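Participant: Below you will find the structure I want to go over with you.
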Amino acid sequence: MLQLSGAGKRYGHKLLFEKADWLITPESRIGLVGANGTGKSTVMKVLAGLESLDYGSISRAKGISAGYLPQDGLTLSGRSIFDECLSIFAGLHAMEEEMEALTHSMSELDPSSAAYADVADRYQKLEHEFRAHDGYTLEAEVGKVLTGLGFHRDDWSRNTEEFSGGWQMRIALAKLLLQKPNLLLLDEPTNHLDLEARNWLEEYLTSYPYAYVLISHDRYFLDVTVKKVVEIWNKQMHFYVGNYDQYLKAKTTRREQLEAAYKTQRERIEQLEVFINRFRYTATKAKQVQSRIKELEKIERIEIPEEEKTVHFSFPQPKSSGRIVAEFLNVAKSYGDHCVFDHVNFMIERGDRIALVGVNGAGKSTLIKLLAGTEPLSAGEFKLGHNVAFDYFAQDQYKELDPEARILEDLGEKSGSSTQTELRSLLGCFLFSGDDVFKRIGVLSGGERNRYALLKMLLHPANFLLLDEPTNHLDIRAKDVLLEALEKYTGTVVFVSHDRYFIDKLSTRVFEIGDGKVEIYPGNYEDYLWRKQGGAAELEAQTAKTAGLSPAPTNGDRFAQVASSEPKAKRMNPMKRKQMEDRLHEIEREIAQTEAVISNCETQMQNFVSAEETQRVGQVLSQSKGKLHGLMNEWEEVSGALETTT
């Protein structure tokens, strides 16, 4: 469908890539990866026909249509969202108008006349083509895509210029998906999407009928959408079959093989050189020396390109807080007549890593602001635990920075004992390299300043971190550094992120926000989805059935019984199974820790110190027993699920 042959491209004096041979077939699902500045976006523009090659050639099949979504910069105005999306079907609208005119003509012509036959034949051809292009379901398809990308029905009639840049990009994405080009080129489409919209886009792309090439910094999104990875590395294009996770494994294997071949070759070269140098002037060995010189000249030297350094940075650990970090008691929050929360109760314990999820506007950022104290409660009580010191990272955290300060100097003052080399390595990981480190903060873009603000916070974290979308504006490498730091962090974290991989790896509990409530789910996002999709209820029903009980069927159960009378084979995604096994081990550790707390409390209860101390220990004992009961139930759920699946 599209082919690059000996392709090369420069950006000024910098060579981005060369000698690239790449064939894109009609059903390709490709992820384009590489470090920042390697030329990924430039390659997308070349594929879209917006830029030309400096070397080689590009061949396109006849009739190919490429649809390109840049990272940002698109703005629309003059129409409602719905009409803007419908505008891409101008050809079908013209066809529909002609069909209406033909229908009117047929009503006035004699059915036995030749003119009537000509008009009827034209109408039949148009109607067949109109139906083939789903002309009768255009409005339904537009509504489906807009809903999937997070636009409420009330928004459809609003003018496009009323929406911010991120939502403008969503409209542009909607138009592109509705066009269905046979080569879809998406440059970081997940940048402007929340978690629910990303999940919808994943499903949409899974059933997309044509080829697509994606750039994304969301590892999970790449894992579930691509079947081939093209990496721009060392000014070459390298091709890997499989998703992103398989690419990482294959890349490691390929490098190990390259290093092994390099070592073998070096050993052979050294053997030849030793022999040549030893017998160069020995007449009886002249023939063998010449033979080895020729062999040495023919060897094509293997080169090991310098690998991008992986940064591991140990952030200082905070002072320990009390066991209970924060507590909401019947909390309500309203803005005028709009109720965001009502009668919300929950407790956050030391070491929790809580992910807040929910649709846009549900109140995720509001909840973090309530915890940070930047928004007042409308009703209820908020308790902050003993020795708790919080730090809050807002979406617009960059506004708190000194615009006149220079990055490296400002970070050095914050870090204390870290060396310049360590600081520059860390800044490089967060996409500040070269002379960028000497820039004044005021000249940075909003995204750059937010990245720097996040890095600055993590140098000396408090013991309770409130992070509102910390993964925005970070590439995969920076996210990995942040994730590693937070996994080792001994404090408590409440965070909002739209990166599925990041949430899955970090969270120990999920708070779902919506309809004025906060629903609490143990485990990570994968566990949360499993419970939302009925996994826990299904497991409970299976357990009851095994025990000889007959639980009353819910509406969902009745529907399932009508839909199918045969049990379905239970098969679990290997990634989900591994996550559940990890969670099972974590639960077992928590059970042991909780039992130790209970034992300690029971011992303390036997030795009277004071009424206040007895009351305090009794409260801890009661809470620990409740926690143990919950952990035991969860252990039974997870272990049962693992036993009944393959």
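The values are calculated or read from the model by the stated rules, or taken from the named source; none is laboratory data. Keep in mind it's a predicted model, so treat the numbers as computed, not measured. Every residue, glycine among them, receives a Cβ derived from its backbone with ideal geometry; neighbour counts consider all protein chains shown.
Participant: If you check T103 against the conditions, is it hydroxyl-bearing (S, T, Y), without any contact (Cβ under 8 Å) to a residue 40 or more places away in the chain, outside any loop (DSSP other than H, G, I, E, B) and under 23 Å from N182 (Cβ atoms)?
Facilitator: Taking the combined requirement at face value, the residue does not satisfy it.
Participant: Determine, yes or no, whether A462 is among the aliphatic types (A, V, I, L, M) and in contact with a strand residue (DSSP E or B) (Cβ under 8 Å, 6 or more places away or on another chain).
Facilitator: Numbers: among the aliphatic types (A, V, I, L, M): yes; in contact with a strand residue (DSSP E or B) (Cβ under 8 Å, 6 or more places away or on another chain): yes.
Yes: the conditions hold for A462.
Participant: Among the residues in the stretch 293-315, are any without any contact (Cβ under 8 Å) to a residue 24 or more places away in the chain, outside any strand (DSSP E or B) and small (G, A, S)?
Facilitator: Scanning the stretch 293-315, I find no residue that is without any contact (Cβ under 8 Å) to a residue 24 or more places away in the chain, outside any strand (DSSP E or B) and small (G, A, S), so the answer is no.
Participant: So which of G31, G6 ends up being on the phi > 0 side of the Ramachandran plot and at pLDDT 90 or above?
Facilitator: G6
Participant: Another one. Return the total of residues in the stretch 215-269 being surrounded by fewer than 14 Cβ atoms within 10 Å (Cβ to Cβ) and among the acidic types (D, E).
Facilitator: 3
Participant: Within the stretch 176-185, which residues are surrounded by 22 or more Cβ atoms within 10 Å (Cβ to Cβ) and in contact (Cβ under 8 Å) with a residue 40 or more places away in the chain?
Facilitator: L183, L184, L185
Participant: Right, here's the next one. Looking only at residues in the stretch 598-631 that are of a type in the set (K, R) and over 27 Å from R577 (Cα atoms), which one is modelled with the highest pLDDT? Talk me through it step by step, then tell me what you get.
Facilitator: Quick first cut of the stretch 598-631, residues of a type in the set (K, R) only: 616, 625, 627.
Still in the running and over 27 Å from R577 (Cα atoms): 616, 625.
Working: R616: 79, K625: 83.
So the residue we want is K625.
Participant: Tell me the residue from E586, E595, E634 that is modelled with pLDDT of 75 or more, touching a Pro at 6+ places or on another chain (Cβ under 6 Å), in a helix (DSSP H, G or I) and closer than 29 Å to R323 by Cβ, please. If you could, list the steps in order and put the result at the bottom.
Facilitator: On the way: E586 fails: touching a Pro at 6+ places or on another chain (Cβ under 6 Å); E595 fails: touching a Pro at 6+ places or on another chain (Cβ under 6 Å).
Within the list E586, E595, E634, the selection yields E634.
Participant: Would you call I520 in contact with a Lys or Arg (Cβ under 8 Å, 6 or more places away or on another chain) and farther than 17 Å from E196 by Cβ?
Facilitator: On the way: in contact with a Lys or Arg (Cβ under 8 Å, 6 or more places away or on another chain): yes; farther than 17 Å from E196 by Cβ: yes.
It is true that I520 is in contact with a Lys or Arg (Cβ under 8 Å, 6 or more places away or on another chain) and farther than 17 Å from E196 by Cβ.
Participant: Go through the stretch 53-75 and report how many residues are within 30 Å of W167 (Cα to Cα) and either crowded, with 16+ Cβ neighbours inside 10 Å or of a type in the set (D, E, K, R) (or both).
Facilitator: Total meeting the criteria: 7.
Participant: Right, here's the next one. Would a scan of the stretch 359-366 turn up a residue that is out of contact with any Phe, Trp or Tyr (no Cβ under 9 Å at 6 or more places or on another chain), touching a residue at least 40 places away in the same chain (Cβ under 8 Å) and under 28 Å from S622 (Cα atoms)?
Facilitator: no
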